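> Encoded as structure tokens, here's the structure I'll be asking about.
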Amino acid sequence: MADHHDKPQSEFEERLVELNRVSRTVKGGKRMRFRALVVVGNKKGRVGMGMGKAGDVQQAIKKAGQSAKKHMINVPIVNDTIPHEININFGSAHVFLKPAAAGTSIIAGGPIRAVIELAGIKNILSKMIGSNNKTNNVRAVLKALETMKERPVSAKAAKVAKTKAAA
């Protein structure tokens, strides 16, 4: 007898960040559905987020997971942390990420922590400012990680690059 846990283990780990009951008003009253926000990552520099809606919780989570796998991004990781600090806005959600020394571990709140852990970053400092909306906070973190450059650009290096470009 085959157990349903025998299916091959995916390289990606899923984490449910938020589950909401949403309703719309129809002629006969209100129609209830569930909306799931899921973050998926392989802890090796790939992470994504997805949303799914369905009549039951399991279906919503499954849809969100599939959506997250379709929208993955690559995260630059240098010495188990991020290459440089970054400030990013997404709507009213403001997210600040800063590289941390080895042994600091992850200093991050709920939705940010889920994204960072699944991306495989081990040491980081972060702050969520402005919005408490989990969806926008997750999107802000993903936007920050996506726009991050592989190597940190020091002020001196940027100046040298500018003078070379001008010449």
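The values are calculated or read from the model by the stated rules, or taken from the named source; none is laboratory data. Computed from a predicted model, the values in this text were never measured in an experiment. Please note: Cβ atoms are built from the backbone with ideal geometry, for glycine as well, and neighbour counts cover all protein chains shown. Keep in mind that these areas ignore ligands, DNA and RNA; they rest on the heavy atoms of the full protein, side chains included. Shrake-Rupley method; radii C 1.70, N 1.55, O 1.52, S 1.80 Å.
> Keeping all protein chains in place and using 1.4 angstrom, which order do Ile124, Ile61 fall into by accessible surface area, from largest down? Mind dumping the intermediate values first?
Details: Ile124 0, Ile61 35 Å².
Listed by decreasing accessible area, they come as Ile61, Ile124.
> Given H placed on each backbone N at 1.01 Å, which residues far from Ile82 in sequence or on other chains put an amide H within less than 5 Å of it?
So Ile82 has HN proximity to Ala100.
> Please report, in debye to the nearest 20, how large the charge dipole of segment 44-128 is about its Cα centre when each Lys and Arg carries +1 at its beta carbon and each Asp and Glu carries -1 there.
Values: 11 positive and 4 negative charges, 59 e Å.
Approximately 280 debye in magnitude.
> For segment 1-138, what class follows from the C-alpha gyration tensor (a ≥ b ≥ c being the square roots of its eigenvalues): rounded when a/c is under 1.5, otherwise prolate if a/b is larger than b/c, else oblate? Working shown, then result.
Details: a/c = 2.88, a/b = 1.39, b/c = 2.07.
The shape class here is oblate.
> Determine the sum of side-chain charges near Pro111: Lys and Arg each +1, Asp and Glu each -1, restricted to other residues whose C-beta is under 9 angstrom from that of Pro111.
Details: positive: Arg113, Lys134; negative: Glu18.
Every neighbour counted, the sum reads +1.
> Further question on the same structure: Cut-off under 18 Å on the C-alpha distance; same-chain residues fewer than 8 positions from Lys43 excluded. Which aspartates and glutamates are left, in chain and number order?
By straight Cα distance, Lys43 reaches Glu11, Glu13, Glu14, Asp80, Glu117, Glu146, Glu150.
> Let me ask something else. Compute the Cα gyration tensor for segment 68-158, then decide on rounded, prolate or oblate, letting a ≥ b ≥ c be the square roots of its eigenvalues: rounded whenever a/c is under 1.5, prolate when a/b is larger than b/c in the other cases, and oblate in all that remain.
Values: a/c = 1.44, a/b = 1.34, b/c = 1.08.
It comes out rounded by the Cα gyration axes.
> Could you state the accessible area per residue of segment 14-138 in Å², with a 1.4 Å probe and every protein chain left in place? Spell out each step's value before the answer.
Working: 6450 Å² over 125 residues.
It amounts to 52 Å² per residue over segment 14-138.
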